[in-house]
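Student: My questions will all concern the structure given below.
The values are calculated or read from the model by the stated rules, or taken from the named source; none is laboratory data. Please read all numbers here as calculations on a predicted model, not as lab measurements. Every residue, glycine among them, receives a Cβ derived from its backbone with ideal geometry; neighbour counts consider all protein chains shown.
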């Protein structure tokens, strides 16, 4: 399955319909990014047929800008509203990808969103994973949408 195309389709649809914002996708990254500075990462886990996660990684200013656009309110700093909004964006993208991940009638369950925020952190979720990370650009800057699955071998 071409997850790059699905991630682009789903992310564009959610941003255009829920946030009323144009989003421009880039080419998938050649190297996995796991270290972040002054960023926020929102994650939704997959369990069942496939185990893994969907993540959104955004620098502080992008997370704040996305939240302002999403909620239609002014935000000055990372707070609970930003964490909730970014978690909900990750949840919407993961939920929209779920039908493409659930195949042959086998189910995939989603976890509740989790959010990590800090001036410096590293995220390692699945040690041996198949992954894709797609950069997106919006008026506030660039963010990443990542999809990882535990390798089947």
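Student: Out of the residues in region 52-81 meeting the condition of being under 16 Å from the mean Cα position of the chain (by Cα) and not in a helix (DSSP H, G or I), tell me which one is farthest from residue 151 (Cα to Cα).
Tutor: Step by step, filter region 52-81, then rank; the result is 59.
Student: Now for a different question. Of all residues in region 1-28, which are assigned to a helix (DSSP H, G or I) and either crowded, with 17+ Cβ neighbours inside 10 Å or free of Cβ contacts under 8 Å to residues at least 12 places away in the same chain (or both)?
Tutor: Within region 1-28, 3, 5, 6, 7, 8, 9, 10, 11, 14, 15, 16, 17 qualify.
Student: Which members of region 114-146 meet the condition of being farther than 15 Å from residue 35 by Cα, touching a residue at least 60 places away in the same chain (Cβ under 8 Å) and part of a loop (DSSP other than H, G, I, E, B)?
Tutor: 139, 140
Student: Further, regarding this structure: Would you mind stating whether residue 31 is part of a loop (DSSP other than H, G, I, E, B), more than 17 Å from residue 115 (Cβ to Cβ) and out of contact with any helix residue (DSSP H, G or I) (no Cβ under 8 Å at 6 or more places or on another chain)?
Tutor: yes
Student: Of the residues that make up region 78-91, is at least one more than 14 Å from residue 135 (Cα to Cα), at pLDDT below 95 and surrounded by 16 or more Cβ atoms within 10 Å (Cβ to Cβ)?
Tutor: No; the residues of region 78-91 include none that is more than 14 Å from residue 135 (Cα to Cα), at pLDDT below 95 and surrounded by 16 or more Cβ atoms within 10 Å (Cβ to Cβ).
Student: Oh, and also: Which condition number does residue 84 fail, the rest of (1) in contact (Cβ under 8 Å) with a residue 40 or more places away in the chain; (2) in a helix (DSSP H, G or I); (3) touching a helix residue (DSSP H, G or I) at 6+ places or on another chain (Cβ under 9 Å) being met?
Tutor: (1)
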